[in-house]
Amino acid sequence: MRSLQPLLRRKLQRRGLQEPGYLQHVPQRFGLYDSPAPEAGRVWVHAVSLGETRAAGLLIDALRQRLPGMRLLLTHSTATGWAQGQSLLQPGDAQAWLPWDTPEATRRFLQHHRPRCGLLMETEVWPALVQACQQQAVPLLLVNARLNDKSLRAAQRWSWLSRPAYRGLHAVLAQSPADAQRLGALGAQVSAVLGNLKFDVKPQPLAQARAQQWRAQWTRQGQARPVVMLASTREGEEVLWLNALASNAWRAQAFADAGVLWLVVPRHPQRFDEVHQLVQDRAWSVFRRSALPEEGPWPVDATDAQIWLGDSLSEMPQYFHAADMALLGGSFMPLGGQNLIEAAAFGCPIIMGPHTFNFVEASEQAQAAGAAQRVADMDGALDQALSWLNDRAALARAQQAGLDMVAQGRGAADRYAQASLMALNAR
């Protein structure tokens, strides 16, 4: 880990060319600080990236209700997580990068911030960090914990590192019994199974209102255009989609006759330009969300475009509200899929490919409820999209099924907050 530090610096420089957030506070990545040490005793929450930070926000709200005056230390590893995390801060809180996992950096991090405890979101277990917390008597909990079969097999191959790390956690609060079993196989002491925090996603009336405004503009010959979203796509999936459309003229014509607007939202901001160029090279008319004026009339290409490129951050609720359905990114390549609970919460049914191993329970639950349909490949996804477009009653049932599923799963944030405080008080 020490020898890789120069490579990490070069990686941050490269990422920073497209996402300037990676160039901020770089010394913190190595446990180095040029500011005075903040007040000790904060509750430290680590949310590695965007999805974990959104989930962390639900837990943080529940903790603040139980700990009036709580001061927060919020850490991240990605620029998108940092940007989202800023909305969760209150006066007296602090935000920082989680340091590179070396004994020196993690020790300096803890000595500088002196947190009361640490709550790691979902999967972030690092050996040196756990050891440093043990040495400095900082109780460390893994909350909303999940572990898929692939990650379990990888951890078992490195069991001399992973087992002490999982055993060194103060408590583990798992999403599902299957996650609890896999975590236990690595030596973790699972205290409780409490469900998925993401079911507590909050209503977004402002996002819904803005989406309705968009829908009112997306018309053709006075008729509303159906909107099919590609949600959080990963590298290679846009090509799969474009090739599947190009390979079947009848299917492509059916989408064109229906006036479909394709809403493409890449998972990573650094790919926005790449995806824009890709669809332009295929002779599609495309409009970038970032080019939409804040006020005044829309440009003609915003309403007439075949594709909208969702090149903005923190607008996924808006995109899901605006879409009739979504193809789940990360599931058409062997990448494990993305969280689909947010889509269901905002009434957007999901079409998912065969690869959802990162979210096994959520995807199976959505499919059983009728809020999602699994297909074998991108051709099957387009066929399912056409099926829903031609059967609006079935589409409406899938939309309602998602809303019902999320409503039934609510309450995890309160359970996690209560169990976390119980585990800490029992120490």
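The values are calculated or read from the model by the stated rules, or taken from the named source; none is laboratory data. Note that the structure is predicted; figures quoted are calculated from it, not measured. Positions of Cβ are backbone-derived with ideal geometry, glycine not excepted, and every protein chain shown enters the neighbour counts.
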Hits in segment 288-310 (condition: touching a residue at least 24 places away in the same chain (Cβ under 8 Å), farther than 24 Å from ASP257 by Cβ and of a type in the set (Gly, Ala, Ser)): GLY310
Residue among GLN86, GLN136 that is assigned by TED's automatic domain parsing to the domain that holds PRO38 and within 20 Å of the chain's Cα centre (by Cα): GLN86
Among strands (runs of 3 or more DSSP E) entirely inside segment 169-256, those with 3 or more residues being within 24 Å of the chain's Cα centre (by Cα) and either over 27 Å from TRP158 (Cβ atoms) or among the polar types (S, T, N, Q) (or both) are 227-233
Output the residues belonging to segment 40-65 that are assigned to a loop (DSSP other than H, G, I, E, B) and either surrounded by fewer than 19 Cβ atoms within 10 Å (Cβ to Cβ) or under 23 Å from the mean Cα position of the chain (by Cα) (or both). ALA40, GLY41, ALA47, VAL48, SER49
Is there any pair with a first residue in segment 14-36 that is farther than 21 Å from MET1 by Cβ and a second that is surrounded by 15 or more Cβ atoms within 10 Å (Cβ to Cβ) and of a type in the set (Val, Ile, Thr) whose Cβ atoms are under 9 Å apart and which are 6 or more apart or on different chains, and what are they? GLY16/VAL26; GLU19/THR78; GLU19/THR80; GLY21/THR78; GLY21/THR80
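How many residues are among the basic types (Lys, Arg) and either under 19 Å from ALA55 (Cα atoms) or surrounded by 23 or more Cβ atoms within 10 Å (Cβ to Cβ) (or both) if we restrict to segment 197-213?
Going through segment 197-213 one residue at a time, the tally reaches 2.
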Just the residues that are closer than 15 Å to SER77 by Cβ and outside any helix (DSSP H, G or I), please, taken from segment 5-39. GLU19, GLN24, HIS25, GLY31
Can you pull out the residues in segment 87-122 that are over 17 Å from SER35 (Cα atoms), in contact with a strand residue (DSSP E or B) (Cβ under 9 Å, 6 or more places away or on another chain) and either surrounded by fewer than 16 Cβ atoms within 10 Å (Cβ to Cβ) or among the basic types (Lys, Arg) (or both)? LEU89, GLN90, ARG116
Could you tell me whether any residue of segment 266-275 is of a type in the set (Val, Ile, Thr), assigned to a helix (DSSP H, G or I), under 26 Å from the mean Cα position of the chain (by Cα) and under 19 Å from GLN338 (Cα atoms)? yes
Helices (runs of 4 or more DSSP H) within segment 337-412 that include 2 or more residues out of contact with any Phe, Trp or Tyr (no Cβ under 9 Å at 6 or more places or on another chain) and modelled with pLDDT under 95: 360-369
